[in-house]
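The structure's right below; bear with me while I get my questions together.
What follows is calculated from the coordinates using simple rules that are stated; it is not laboratory data. All values reported here derive from a predicted model rather than from experimental measurement. All Cβ positions, even for glycine, are placed from backbone atoms using ideal geometry, and neighbour counts span all protein chains on display.
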Amino acid sequence: MNMDINFPNLHIYLEHVGKSIDLFGISIAYYGVIIALGMLLGVSLILYRAKADGTNPDASLDICLFTIIFAVLGARIYYVVFAWDYYKDDLWRIFNIREGGLAIYGGVLAGILTAYLMCRIKKIKFLHFADIAIPGLLVGQILGRWGNFFNREAFGQYTDNLFAMELPLNAVRSMDDITQEMMAHARVVDGVTYVQVHPTFLYESLWNLAILIFLLLWTKHKKFDGELFYYYLFFYGLGRFWIEGLRTDQLKMWVTGVPVSQALALVMMAVSAVLYVYGYRHRKERKNA
């Protein structure tokens, strides 16, 4: 199997990009390594911010650990539910997350719910903690998306833009993600068929990096608890709505065929806008009281 990944318009050619590494005879998927690294760095940032803020670091660590566990479960359940046709004939594949299949929206929703419940238990204001934690979540998302790069998944339709990515046809995770337009523009080199696609994992990683930089710079200008959290919900939803429209592996809602992540992105943006206005007005009312 050819394992090259190319960015021809950037003149970047990567040879033999594997999907895993052998360590003492055990095959370890890069997908899992990258997600674990993202979690580690994300939690480290959260604990650093919690300490600087004066929030109990032990309680913050407990919240992070439980949130990670249930976020991963939520991400997997969300993906399996909306990609049931892929798993229904071989249920054991549900437990094989080495091949990918974690939907970030499922993780975000499960993570928010878990963090809220844990904050109640630890007697920490949820919105205050959310503002501390969101940059850490973004670090995890920024790095985690590169797991899709190694798995040759979560890419978009054919493109010839500056960031266009070439993948060997026999190396992609699922042939269901290959479209007629991709095949119409496919090229054969030394007997290997390449398709050229939008690297949507890269778009989302860069978009999240921009949100992270904005939130870190805006922290000192924060006017009320939850402000950074609401900004994250809105801007992540905005970027995800656009990026999801490019992807060929969209998870779709039953019957309607509407991409579920795009629908959730719109809901997320609307809800965050309403909550932001409420939070801002409530702050002004308390200030004027």
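About its Cα centre, what dipole magnitude does the chain give when the only charges are +1 on Lys and Arg Cβ and -1 on Asp and Glu Cβ, stated in debye to the nearest 20?
With only Lys, Arg, Asp and Glu charged at Cβ, the dipole is about 1660 debye.
Can I ask one more? Starting with the fewest neighbours, write out Ser60, Ser174 ranked by other beta-carbon atoms found within 10 Å of each beta-carbon.
Starting with the residue having the fewest Cβ neighbours, the order is Ser174, Ser60.
Now for a separate question. I need the peptides 76-84, 190-198, 214-222 ranked by packing, meaning the mean over residues of other C-beta atoms within 10 angstrom, with the highest value on top.
76-84, 190-198, 214-222
For a footprinting-style exposure proxy, rank Thr159, Thr256 by other Cβ within 10 Å, fewest first. Could you put the intermediate results ahead of the total?
Working: Thr159 19, Thr256 9.
Listed from fewest to most nearby Cβ atoms, that is Thr256, Thr159.
Now for a different question. Each residue of the stretch 124-136 in order: what ³J(HN,Hα) in whole Hz does its phi give by Karplus 6.51 cos²θ - 1.76 cosθ + 1.60, θ = phi - 60°, with x for Gly and Pro?
10, 5, 4, 5, 5, 5, 4, 5, 5, 7, 4, x, x
Pull up all non-local amide H partners of Leu251: gap of 5 or more, or a different chain, and H-to-H distance under 5 Å with H placed in the peptide plane.
Under 5 Å from the amide H of Leu251 lie the amide H atoms of Val260, Ser261, each far enough along the sequence or on another chain.
Once the dipole of the stretch 56-188 is set up with Lys and Arg at +1 and Asp and Glu at -1 on Cβ about the Cα centre, which of Tyr158, Leu91, Leu61 lies farthest towards its positive end?
Leu61
Then there is this: Can you work out ³J(HN,Hα) from phi for every residue in the stretch 186-199, in order, using Karplus 6.51 cos²θ - 1.76 cosθ + 1.60 and θ = phi - 60°, giving whole Hz and x for Gly and Pro?
Values, residue by residue: 5, 10, 10, 10, 6, x, 9, 8, 10, 10, 10, 9, 6, x Hz.
When the Karplus curve 6.51 cos²θ - 1.76 cosθ + 1.60 is applied with θ = phi - 60°, which whole-Hz ³J(HN,Hα) does each residue of the stretch 174-182 get, with x for Gly and Pro?
Result, rounded to whole Hz: 9, 5, 5, 7, 8, 9, 5, 5, 4.
While we're looking at this one, here's another question. Holding the Cα-Cα limit at 27 Å, pick out from Lys123/Lys252; Lys51/Lys223; Lys88/Lys252; Lys122/Lys223 the pairs that are longer than that.
Too far apart for the 27 Å limit: Lys123/Lys252.
Oh, and also: Give me Rg/Rg_expected for the stretch 5-220, where Rg uses Cα atoms only and Rg_expected = 2.2 N^0.38 Å with N residues. Present the calculation step by step, with values, prior to reporting the outcome.
Values: Rg = 19.4 Å, N = 216, 2.2 N^0.38 = 17.0 Å.
My calculation over the Cα atoms of the stretch 5-220 gives 1.14.
Hey, what angle do you get for helix 30-53 against the long axis of the chain, alpha-carbon based, 0 to 90 degrees rounded to 10?
Computed tilt is about 20 degrees.
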